[in-house]
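Read through the structure below, which is laid out as structure tokens, and then see the notes.
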Amino acid sequence: MKNLTLAILCFLGCTNDYGIVAGGSTEYIYVTETVTETETVEVEVEIPVYIEVEVPVYIDTGTDDPGLIWVDSFTQPNTVDGIDILWVIDTSGSMHRFDAQLLLGIETMLTALPPTSWRLAMMSNDPTKSVLESQFPLVPGDDILDAEAMYSSMSRGGMEEGFDAIYEYIVTNPYSSTWMRPDAGLLVVFVSDEQEQSNDHFSDLPDFISWYGTQRGGSVFIASIINRDASESLCDYPPSPIDVGTRYMDATAAFGGNVIDICADDWSSGVADAAASIEPHESWRLTHTAVPESVRVFMNGVVQDPGMSTWSYSATDNTVYFNTIPPGSTLVEIGYRYYESSDSGS
């Protein structure tokens, strides 16, 4: 669950009718009692103190059970003139077992992308290979056979340095400038069963996040297909801690991207979400089944009027629809209450 702002808490819990109950507390004072002219005794006396406590009564249920509070959030993508896509793929020997999922994931992306204005290239996460890569990208009209041909022809290396690899391709490799467009958005999909190990340009993760965030005027996106921690992994044999892709996950989180477990049988859903992430959101399906009267929408921390002005909520599909599409770079937060007993998820 994400952190809540005071504003969201107030709108979800402070606007209802309240009842008052008393809570007991005790303070102590000392009373001096004269026993004789020459002796005094201090006697401890209890003084009850009562504190009024507000207990909310929720109009939509008629009870004092508020349910649980949740906030869905996203940053609205900037409108861009097309999208350039780089699949940065671990080409070490252990990755061959994922070839089927990889190609299915790429095919899913090809069909999920807009019909025009995208270009897609694959390269090794070994920077000594990505700096030399010179394959013409896939473009609208290409299919999975074209993708398989590119994958088969891709240079392969043993280094696990995805961050340095895209730097070398974008900045150092002259071929990238023949097809990559400075006015297009940029989506990078990292695929690896090992930890990210860059030690040249980006040994420090914040340096990569800072550099990547300045590309394309900030219209940049990341998705990662990696090993998750053993407690969350879908692998038959959970990965060693040294192979968990925490650096990839942290970079992906910094840009609000999708993380897919590399051991998932099918990457298609996550890859489709990654493709959709480059398009501005006109609606947002909620994670939990919301109490309709509790839904509140904030844009950059400012509450938005419900109804026909900027947004509306549909209980039929548990979705918030934006009558006015939020501008690019807007932080949208949707806060609401829900009950576990009636929650079917999204």
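Observations on the model:
- Of all residues in segment 172-194, those being farther than 25 Å from ARG228 by Cα and not small (Gly, Ala, Ser) number 10.
- Every residue from segment 97-133 that is out of contact with any Pro (no Cβ under 9 Å at 6 or more places or on another chain) and assigned to a loop (DSSP other than H, G, I, E, B): ASN125, ASP126, VAL131, LEU132, GLU133
- Some residue of segment 135-146 being polar (S, T, N, Q), assigned by TED's automatic domain parsing to the domain that holds PHE255 and within 25 Å of the chain's Cα centre (by Cα): no
- Matching residues in segment 327-345 - criterion: being surrounded by 14 or more Cβ atoms within 10 Å (Cβ to Cβ) and either in a strand (DSSP E or B) or at pLDDT 85 or above (or both): THR330, LEU331, VAL332, GLU333, ILE334, GLY335, TYR336, ARG337, TYR338, TYR339
- Scanning segment 124-144 for residues that are under 17 Å from LEU104 (Cα atoms) and in contact (Cβ under 8 Å) with a residue 40 or more places away in the chain returns a single hit, ILE144.
- Any hit, segment 234-242, residues being assigned to a loop (DSSP other than H, G, I, E, B), in contact with a Ser or Thr (Cβ under 7 Å, 6 or more places away or on another chain) and not acidic (Asp, Glu): yes
Each row is one residue, and each column tells you yes or no for (1) in contact with a His (Cβ under 7 Å, 6 or more places away or on another chain); (2) β-branched (Val, Ile, Thr); (3) within 25 Å of GLY218 (Cβ to Cβ); (4) in contact (Cβ under 8 Å) with a residue 40 or more places away in the chain.
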| site | (1), (2), (3), (4) |
| --- | --- |
| ASP146 | no, no, no, no |
| SER153 | no, no, no, no |
| ILE170 | no, yes, yes, yes |
| PRO206 | no, no, yes, no |
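- Filter pass, PHE202 being farther than 25 Å from LEU103 by Cα, buried (at least 16 other Cβ atoms within 10 Å of the Cβ), within 26 Å of the chain's Cα centre (by Cα) and not polar (S, T, N, Q): yes
- Single residue of segment 137-186 satisfying the filter (assigned to a helix (DSSP H, G or I) and small (Gly, Ala, Ser)) that is surrounded by the fewest Cβ atoms within 10 Å (Cβ to Cβ): SER152
- Any hit, segment 301-318, residues being surrounded by 13 or more Cβ atoms within 10 Å (Cβ to Cβ), in a strand (DSSP E or B), assigned by TED's automatic domain parsing to the domain that holds GLN195 and touching a helix residue (DSSP H, G or I) at 6+ places or on another chain (Cβ under 7 Å): no
- Checking each residue in segment 241-262 for being over 17 Å from the mean Cα position of the chain (by Cα) and crowded, with 20+ Cβ neighbours inside 10 Å picks out VAL244, ILE262.
- For segment 218-233, the condition of being surrounded by fewer than 17 Cβ atoms within 10 Å (Cβ to Cβ), in contact (Cβ under 8 Å) with a residue 40 or more places away in the chain and within 30 Å of GLY82 (Cβ to Cβ) holds for at least one residue.
- A search for C-beta distances below 8 Å between a residue of segment 266-285 that is surrounded by fewer than 17 Cβ atoms within 10 Å (Cβ to Cβ) and any residue that is in a helix (DSSP H, G or I), counting only pairs 6+ apart in sequence or on different chains, returns ASP266/GLN101; ASP266/LEU104; ALA276/ALA112.
The values are calculated or read from the model by the stated rules, or taken from the named source; none is laboratory data. Bear in mind that the values here come from a model prediction, so they are computed numbers and not experimental data. In this analysis, Cβ positions are derived from the backbone assuming ideal geometry, glycine residues included, and neighbour counts consider all displayed protein chains.
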